[in-house]
């Protein structure tokens, strides 16, 4: 377990949460296996809006903080009736 450094600006709760998330990634949860926990598909409901912003700003890269295992970047997913090879394909 990570212990808060007395000079840290972060609380013990912060460090405890990091440890809990590490456990979820490695052991899963009561409902999901480790592979399914924080898989990285929660962007799908937001993907149309994200694409609009990317197109508007003519961006050619993004940083996805909190993307979990980020499987959407390497695995197929479906939006409406269309299947995409990965987020880059979309």
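The values are calculated or read from the model by the stated rules, or taken from the named source; none is laboratory data. The structure displayed is predicted, hence computed values, not measured ones. Cβ: placed from backbone, ideal geometry, glycine included. Neighbour counts: every protein chain shown.
Quick test for you: out of 77, 43, pick the one residue that is more than 25 Å from residue 23 (Cα to Cα), under 15 Å from the mean Cα position of the chain (by Cα) and crowded, with 16+ Cβ neighbours inside 10 Å. Break it down stepwise before answering.
Numbers: 43 fails: more than 25 Å from residue 23 (Cα to Cα).
None of the other options fit; the residue is 77.
If you check 56, 20, 87, 32, which single one turns out to be assigned to a loop (DSSP other than H, G, I, E, B) and at pLDDT 85 or above?
On the way: 56 fails: assigned to a loop (DSSP other than H, G, I, E, B); 20 fails: assigned to a loop (DSSP other than H, G, I, E, B); 87 fails: at pLDDT 85 or above.
The conditions single out 32.
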